[in-house]
1. Once you put a point 7 Å from the Cα of residue 130 and another 7 Å from the Cα of residue 152, both along the Cβ direction, what distance in nm separates them?
2. Work out, step by step, the length gained on full extension between residue 168 and residue 70: first 0.36 nm times the residue separation, then minus their alpha carbon distance; give nm to one decimal.
3. For segment 93-191, just the Cα atoms, rotate onto the principal axes and tell me the three extents in Å, largest first.
4. Compute the distance in nm between two label points, each set 7 Å from the Cα along the Cα-to-Cβ direction, one at residue 137 and one at residue 56.
5. Please report the spacing between the Cα centers of segment 91-110 and segment 135-167 in Å, no decimals.
6. Could I have the simple spin-label model distance between residue 96 and residue 108, label points 7 Å from Cα toward Cβ, reported in nm to one decimal?
């Protein structure tokens, strides 16, 4: 009888120990399972996308569309765009923008817009460094083929066009996936 009691106690102990071990295994498995949230990767839009998302560039975006330059400025680049704001376009003589947006003015509009574009990505620090390294003035070739002279006035980068007109960089280093945009306060004009 003692033997039966001993075997019964031993079997009960074995059952208890094995069931406790299984519970611990289940807990470990439950703790090891984690669910990760998906990470959203946000890509910086290209120059046209950045300009389109900013209400201050709506006139420029309309002009880029009328000149059929969307595909070009959406290309690989890199480009530096001295982008006139809506207020810059408003400084032009009355009717100028409307005339430039007409289909028969496409060549002139294209020339004006590409005069604001430089091949390569030049952030403000590089522009200022180039100006300082060249006795206060640095001339850049535009995609249009003309030249713009960059200088500093009161700590601001100033563009001087082929006709002597000036524009000041109001906002620098607006990042785009294919270059950089510097917002300017006046439209510069080629010869």
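1. Computed distance between label sites residue 130 and residue 152 equals 1.6 nm.
2. 32.8 nm
3. 42, 32, 23
4. Here the answer is 2.9 nm between the modelled labels.
5. Spelled out, the Cα-based centre of one part sits 23 Å from the other.
6. 1.1 nm
Throughout, read-outs are computed from the coordinates displayed, never taken from laboratory work. These numbers come from a predicted model, not from an experiment. Because the Cβ atoms are built from the backbone with ideal geometry, glycine has one as well, and the counts that use them run over all protein chains shown.
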